[in-house]
1. Once amide H atoms are placed 1.01 Å from N in the peptide plane, what residues at a sequence separation of 5 or more from I124, or on another chain, have their amide H within under 5 Å of its amide H?
2. Using only helices, what value at 222 nm comes out for the chain when you add -39,500 (n - 2.57) per DSSP H run of length 4 or more and divide by the total residues, to the nearest 500 deg cm²/dmol?
3. Under 17 Å Cα to Cα from K191, which lysines show up? Leave out anything in the same chain fewer than 8 places away.
4. Counting only DSSP beta bridges with both residues in the chain, what percent are antiparallel, rounded to the nearest 5?
5. Loop-only trypsin sites (Lys or Arg not before Pro) in segment 122-168, please: DSSP not H, G, I, E or B, and at most 15 other Cβ atoms within 10 Å.
6. Mind listing the long-range amide H neighbours of Q149? Cut-off is under 5 Å, sequence gap 5 or more, other chains count too, H placed in the peptide plane at 1.01 Å from N.
7. Quote to one decimal, in nm, the extra length available between A153 and F239 on full extension: 0.36 nm per residue of separation minus the C-alpha distance between them.
8. How many angstrom separate the Cα center of segment 188-216 from the Cα center of segment 58-106?
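Bear in mind that the values in this text are calculations on the coordinates, not laboratory data. Since the model is a prediction, treat every value here as computed from it, not as a measurement. Reconstructed Cβ throughout: ideal geometry from the backbone, glycine too, with neighbour counts over all protein chains shown.
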Amino acid sequence: MKKIAVLNNKGGVGKSTISVQLSHGLAKLGFKVLLLDLDGQNDSSLFLGFSEDLYNKTFYHLVDKRNPSKIEECIINARHNLDLLPSSHIEEINAEFHRASRIDIILKEHLKDLETSDYDFLIIDCGPQRTKINDAVLCYIDNIVMPVQVEAASVRAVGNIYEYLSDLRLDPALVSLVVPNMYDQRTNNAKENLEFLREFYNDQDILTEPINRRVKITEAGKIGKTVFEYDEESANQFFKVLERLVTLIGDEQTG
Ligand SMILES: Nc1ncnc2c1ncn2[C@@H]1O[C@H](COP(=O)(O)OP(=O)(O)O)[C@@H](O)[C@H]1O
Ligand SMILES: [Mg+2]
């Protein structure tokens with residue numbers, strides 16, 4: 001099982017959107033996927049059409065010391081090949097992780113039953129900023145997919161993730177794909193900002209083709225559909241990112 005975090009220290013850049021589209025896209029390609037929603041706003045669950053009234057146990061109930069649940073009680077089936085592990089009580093989870101002596105292995109422990117599951121991918125939708133939860137995620141995952149909104153402040157903040165990784169003594173090469181998001185081809189501003197990203201990543205094969213800003217992506221999320229169910233044009237853009245992801249994982253596995 002490949003463990004992938006969708007992370008960026010900024011909010012509103014497309015982490016939940018990209019988590020959901022990549023998860024459903026991989027599922028459509030025939031992989032078995034678990035999406036773990038670790039953001040307090042539950043956006044990735046909502047984007048898949050799951051509001052809080054549709055589940056009663058979440059990741060929180062896995063880590064709840066007084067009465068821990070089994071992982072299969074907390075997972076729900078969201079689509080063919082795609083399961084969802086929703087979140088709740090995010091502040092309590094964060095506090096619990098603050099008390100933990102070994103943040104580096106805490107997710108491995110809580111998610112140990114996944115080791116023997118038949119999931120090909122675990123995709124983790126992360127909240128913004130540095131939190132104990134995100135520290136734990138970064139110590140646990142194999143790869144980071146980082147969405148970057150194509151606007152000045154966001155592209156100039158791409159270095160933040162490398163500082164974060166460095167502070168945790170983790171390898172900067174964990175960032176394996178950077179996905180420019182909300183790209184507006186019509187403006188020179190967007191073109192300049194995309195160019196900035198291209199220069200930043202220069203000869204590294206990390207940057208994907210951009211995902212355009214499209215109202216249909218927002219609409220799809222609001223009605224709990226993925227782009228594969230709602231917007232062919234965006235679906236095709238996401239498939240290109242998926243190809244990159246699948247190739248990358250394949251290359252890693254063959255050394
Ligand atoms: N490419 C895009 N085009 C249009 N709207 C987008 C796009 N990507 C994300 N959005 C919208 O922008 C908002 C923020 O995206 P979201 O994925 O929730 O960001 P984050 O998880 O980083 O906070 C949501 O309303 C989402 O539907
Ligand atoms: Mg989000």
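1. Excluding prolines and chain starts, which carry no amide H, the hits are I4, A5, V6, L36.
2. Working: 13 runs with 113 residues, N = 255.
Theoretical 222 nm ellipticity from helices: -12500 deg cm²/dmol.
3. Output for K191: empty list, no partners.
4. Working: 3 of 29 bridges.
Given both bridge residues lie in the chain, the antiparallel proportion sits at roughly 10 percent.
5. Values: sites: R130, K132, R156; in loops: R130, R156.
Sparse-neighbourhood loop trypsin sites (Lys or Arg not before Pro): R130, R156.
6. N181
7. Values: separation 86, 0.36 × 86 = 30.96 nm, distance 2.72 nm.
Separation in residues times 0.36 nm, less the Cα-Cα distance, equals 28.2 nm.
8. Cα centres, segment 188-216 to segment 58-106: 34 Å.
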